[in-house]
Amino acid sequence: MLWVAANELPLRDELIAFLVARSGRALDEFGRWVAGRRPIEWVLAMLEYLAMSATTREELLWRFGKAEDPEVEARRQRILEVLLEASPQVQKRLIEKGIEKGIEQGIEKGIGKGRLAEARAALRRVLARRKLELSPDDDARIEACVDLPTLERWHDQAITAASASEALQ
């Protein structure tokens, strides 16, 4: 019966002890309302223990983005450290996600480097087949280029260019 009464109570500071017994939409409404009235530690504990909707939970967590005040940010960092120490499973998941993200970024970077290397090699093959000799400066320019569309444009130009320098314009 307590939750029925709690769902009907008005949102008032003096009733917070009873309002935490809300459920469903009334609990979501309470969570949004109380988040600005209580310290971050209180709100985080509320998010941990009360069964509100995932949407509301995420919305409230996003409120705790980087703070402008260095003291507030330092307190938030300390709270995060304590929460991570208290929950090794969460810490492990965050590390795994970080590693996965790093691996994905590494793969993407490697693929990008491979495509650049292949574009450079293809350009040099076309120039060699056409017997268009590269000067050391032109070869250095090809090696230094990290823009795939530029290398592809040079490759296309090398097919009909009269000289290597003309191809690299």
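Taken together, the values in this text are just the output of simple stated rules run on the coordinates, not laboratory data. The structure displayed is predicted, hence computed values, not measured ones. We place every Cβ from the backbone using ideal geometry, glycine too, and count neighbours over all the protein chains shown.
The table that follows gives values for the structure above.
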read-out	value
Most positive-pole-ward Cα, S53, G31, A119, against dipole of the range 12-137 from beta carbon charges	A119
Spacing of the two label points (7 Å from each Cα toward its C-beta) at T160 and I99, in nm	5.4 nm
Label point distance in nm, A144-E68, each placed 7 Å from Cα along Cα→Cβ	4.4 nm
Full-extension gain in nm, R12 to R75, via 0.36 nm per residue minus C-alpha separation	20.0 nm
Candidates R120, R57, R129: whichever shows maximal mean-square fluctuation once the chain is modelled as a Gaussian network with Cα springs under 10 Å	R129
log₁₀ of I(q)/I(0) at q = 0.10, 0.11, 0.17 Å⁻¹ - the range 1-139, Debye sum with one point per alpha carbon	-0.57, -0.63, -1.03
Theoretical ellipticity at 222 nm over the chain - DSSP helices of four or more residues, -39500 (n - 2.57) apiece, nearest 500	-23000 deg cm²/dmol
Under 29 Å between alpha carbons - lysine pairs in the chain that sit 8 or more apart or on different chains	11
Simple label model, 7 Å out from Cα along Cβ direction - A121 to I40, nm	5.1 nm
For the range 7-74, convex hull of alpha carbons as volume per residue, Å³	86 Å³
Computed over the chain: relative contact order in percent, which uses C-alpha pairs under 8 Å that are six or more apart	12 percent
Under 5 Å, built H, 5+ apart or other chain: amide partners of S53	D28
